[in-house]
Every structure is written in structure tokens, then in C-alpha cells.
2 protein chains.
Amino acid sequence: MKIEGESRSAQKTREIIQAASMAFLDKGYDGTSMEEIATKAGVSKQTVYKHFTDKETLFGEVVRSTAVQTNDVVEYVTTMLGDAEFSEGGLQRLARRTMRMLLDDELLKLRRLIIANADRMPQLGRSWYKDGFERMMDSMAACFQRLTSRGLMKADDPHTAASHFFGMLLWIPMNEAMFTGNSDPRSKAELDRHADASVEAFLAIYGIPRES
Amino acid sequence: MKIEGESRSAQKTREIIQAASMAFLDKGYDGTSMEEIATKAGVSKQTVYKHFTDKETLFGEVVRSTAVQTNDVVEYVTTMLGDAEFSEGGLQRLARRTMRMLLDDELLKLRRLIIANADRMPQLGRSWYKDGFERMMDSMAACFQRLTSRGLMKADDPHTAASHFFGMLLWIPMNEAMFTGNSDPRSKAELDRHADASVEAFLAIYGIPRES
């Protein structure tokens, strides 16, 4: 599909990355050949090599572009949590939504692939960690800093607060999904309860007690 | 090495599991053959097959036995956190020690291998999750329940409290280790500060404010 204003070369690059992403998620890194990616993208193998030096570079691009996309959503969600929205209910919506987004099946598969290859391709894992994981923490920390400066919460160290927020929210469901391969996902209601409990705990640390 | 009172067959089983563990961590699941494991264990291939039906079963045993060993240590550590030890300092020692133990290089490699194969061998990941991850949560929850019943902390839902404890403590360092392949580990002092901050936050939720 063509995106308006996109150059022909940018379009090809994007289509190859999309095809590569599907192939890697389907068959793993070792199980995927550049030939297959070319076929899926509807281009020649030469074209794939013209855009990406080798399979590792292409996999790196898949990882980088997914990290950036994921973070864009998190940034959007945290920006939404403006002053007016800041309440237990607002944080709950943020927590539930972020959790569901990060437990997306394709994203979990990519996460597993990166971890599987972290020893062999440390550069790749580091890129995911920096461009995805840490930027997500940074977006959340920026949000907590803004709210603290407006007197709506108290997070002297907003980065630590962000790590506590995500840690309480995601430790159980993310590990469960990583290890059990999502074969037996929890119900939406159960996940929502889990998210709400983590928000309640988070506010016990960083919230400002209301005058009654 | 022979352990006193151990039968010859139990000794062989144990030695094969040890050899298999080293081989899998070194070369991954696909890169390891039963032949190599036999050589490492100093037994014939037939002997390996007599004890374990196939490679997947043997890998399953490696995972199960590591999960049980890890949990034994956690159980020991949480049991130590008796009433007398329960203080911010006692929890800090527990947090620092548990974190260091779980960030052990070999353990991280095994964790990566399990995640890498979670889609292909869901039974395996589920066994690690149940026998390792969940039992560790249970040990911690039992400890928090005991302390709550003695009036030393307030955790109405000790399982949720355990997930908050581990989540705040491990979310950042465990993800960093998983993705960056431990190529650039944090300093001990930095990890200790991280552990202490998570204990401070944990007590803000579940601790009992001291009368002053």
C-alpha cells in the first residue's frame, strides 16, 4: 500500500520491513531466508539486498521500527494523562491500556525473538532496550515529573517512580506471557483487576493524600 | 562426583543433567546433540537415552531441576526473614540478595533459552513458570502473610504484595539483562541502590508507620 507523499524507495523499504517482520515472527530468525522475505514483499532478492546489507541488518530494522512504533503509542497515552485526567480512574485507564498494548501477541513474539538472540546479537537487544524499553520509561517519567511539578503527585525521582509503575503492573503478566507462550492468557477482567491493584499501590507511594 | 547415600542410577541421572545443562547453556537447544551430552557426562549415548527418552525430555529436566534449586534458595532466604529480622534493613538484605541470585549469568542464559523455545515447547515454559516463578512468589507471599498476622506489616493480599515486591525490584534489571545479554552489567553499588529504593517504596505501601 502506498502512503501519500512517500517516495518509491521509502515505500519499498517499508514493505520489505513489514514482510520481514511477518516472516521472522512466523518462522524465527534462523528459519527465515532473505529469499522468502523477497517473495512475501513481492520484490526480487536483489532489491532486498539493495535496501539491507544482510539478514541481521534487516532484523535490526524490524526491531528498531517496532520499538519506535510501540513507544509512539506509549507517548500518546502518557500525554493524554493531563492534569485534568489525573485521578485514580485516569491512572487505571492508562495502566489497563498500556498493559493490553504490551501484551499484544505479535509484540510478545518479537520480544521472545530478541531475547532468544541477545547473546548472539547483543547490538540488537541493546537497540530494543534503548529505543523501546528505556524510551517508554522516559515518557512515563516525563509525565510523572510534570504532574509532580503541578502538585498532583509526589515523585522526587520520576524515573524510579516510572520503574515502580511498570514493575508492579507488568512483572506477573509479562513473565507469564514470555514463559507460557500465551497458551493460556488471563481473562480481561483478571488483567484489569491486576492493573487496578498496581495503581492503588502506586498511589500509596506517590499519590498525595486527599484532604477529607 | 558421588554424593553419599545416592544410588548409582541417581548419580548417573544427576551427572547427565549437569552435563546437559552446560551443553544447552553453551550452544543453545538446537546446537546441542545427545551425543555431545553423553561425551560431556562420560557415558554412552545409550545410557543417556536409557535415562531420558529424548532431547526435549532432558531439556525439561534441566529446566525443572534449576527451577527447584532456585526456589530452594528463595525459600531459605524468605524463611530467614523472621520476625526479629523484619525491618527496613532486613528487607533490604533480602532484596539485594534475591536480586543478585536471580541475575546470575547461567540462570539468565537458561531463562533466555526457555523464552526462546516457549512457542515451540509450551509445556517447558509452563513448567518453569509453575515450578520456579510462581513458587518463588508463593514463598514470598507466605512470608508476608506470616508477618502480617504478627502485626509487623499490612498485606491483606500477600500474593499481590509479593508481585509488587518482585516487580519493583526486578523489572528494570531483569529486562536489561534479558535484552542486552549482560554485556554491560550495572555496578553492584547501583544495583544495591535500586534494591533499596524498591524496599522503601514497598514499605510505603505495606509497612506499618512507626509511632514516633
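Here are the numbers:
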quantity: Selection count where residues are buried (at least 22 other Cβ atoms within 10 Å of the Cβ) and on the phi > 0 side of the Ramachandran plot, scope the range B:127-155; calculated: 0
quantity: Evaluation of B:P158 against (1) more than 19 Å from B:F24 (Cβ to Cβ); (2) surrounded by fewer than 20 Cβ atoms within 10 Å (Cβ to Cβ) (one fails), failing number; calculated: (2)
quantity: Qualifying helices (runs of 4 or more DSSP H) (wholly inside the range A:82-129; at least 2 residues being touching a residue at least 12 places away in the same chain (Cβ under 8 Å), within 13 Å of chain B (Cβ to nearest Cβ) and under 29 Å from A:E56 (Cα atoms)); calculated: A:105-116, A:122-128
quantity: Considering residues of the range A:157-186 that are within 11 Å of chain B (Cβ to nearest Cβ) and part of a loop (DSSP other than H, G, I, E, B) only, the residue modelled with the highest pLDDT; calculated: A:D157
quantity: Considering residues of the range B:63-81 that are more than 13 Å from the chain's Cα centre (by Cα) and either in a helix (DSSP H, G or I) or free of Cβ contacts under 8 Å to residues at least 12 places away in the same chain (or both) only, the residue surrounded by the most Cβ atoms within 10 Å (Cβ to Cβ); calculated: B:T78
quantity: Flag if B:A177 is surrounded by 23 or more Cβ atoms within 10 Å (Cβ to Cβ), in contact (Cβ under 8 Å) with a residue 60 or more places away in the chain, under 18 Å from A:A116 (Cα atoms) and out of contact with any strand residue (DSSP E or B) (no Cβ under 7 Å at 6 or more places or on another chain); calculated: yes
quantity: Residue count for the range B:36-70, restricted to those that are in contact with an Asp or Glu (Cβ under 7 Å, 6 or more places away or on another chain) and either outside the structural domain of B:K12 (by TED's automatic domain parsing) or not charged (D, E, K, R) (or both); calculated: 5
quantity: Failed item in (1) more than 18 Å from B:T180 (Cα to Cα); (2) buried (at least 23 other Cβ atoms within 10 Å of the Cβ); (3) of a type outside the set (D, E), with A:G207 passing the rest; calculated: (2)
quantity: Members of the range A:15-47 found to be surrounded by fewer than 17 Cβ atoms within 10 Å (Cβ to Cβ) and farther than 14 Å from A:F59 by Cβ, listed by number; calculated: A:E35, A:T39, A:G42, A:S44, A:K45, A:Q46, A:T47
quantity: Which numbered condition A:D72 misses (of (1) out of contact with any Leu (no Cβ under 8 Å at 6 or more places or on another chain); (2) within 30 Å of B:I115 (Cα to Cα); (3) within 14 Å of chain B (Cβ to nearest Cβ)); calculated: (3)
quantity: The range B:108-126, subset of a type in the set (G, A, S) and over 14 Å from the mean Cα position of the chain (by Cα), residue surrounded by the most Cβ atoms within 10 Å (Cβ to Cβ); calculated: B:A118
quantity: All positions within the range B:187-212 that are closer than 15 Å to B:Q92 by Cα and at pLDDT below 90; calculated: B:K188
quantity: Out of B:A20, B:A38, sole residue that is touching a Leu at 6+ places or on another chain (Cβ under 6 Å) and either in a helix (DSSP H, G or I) or at pLDDT 90 or above (or both); calculated: B:A20
quantity: Restricting the range A:134-145 to residues that are under 11 Å from the mean Cα position of the chain (by Cα) and in contact (Cβ under 8 Å) with a residue 24 or more places away in the chain, the residue that is farthest from the other protein chains (Cβ to nearest Cβ); calculated: A:R135
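The values are calculated or read from the model by the stated rules, or taken from the named source; none is laboratory data. The structure displayed is predicted, hence computed values, not measured ones. For neighbour counting, all protein chains shown are included, and Cβ atoms are generated from backbone atoms with ideal geometry for every residue, glycine included.
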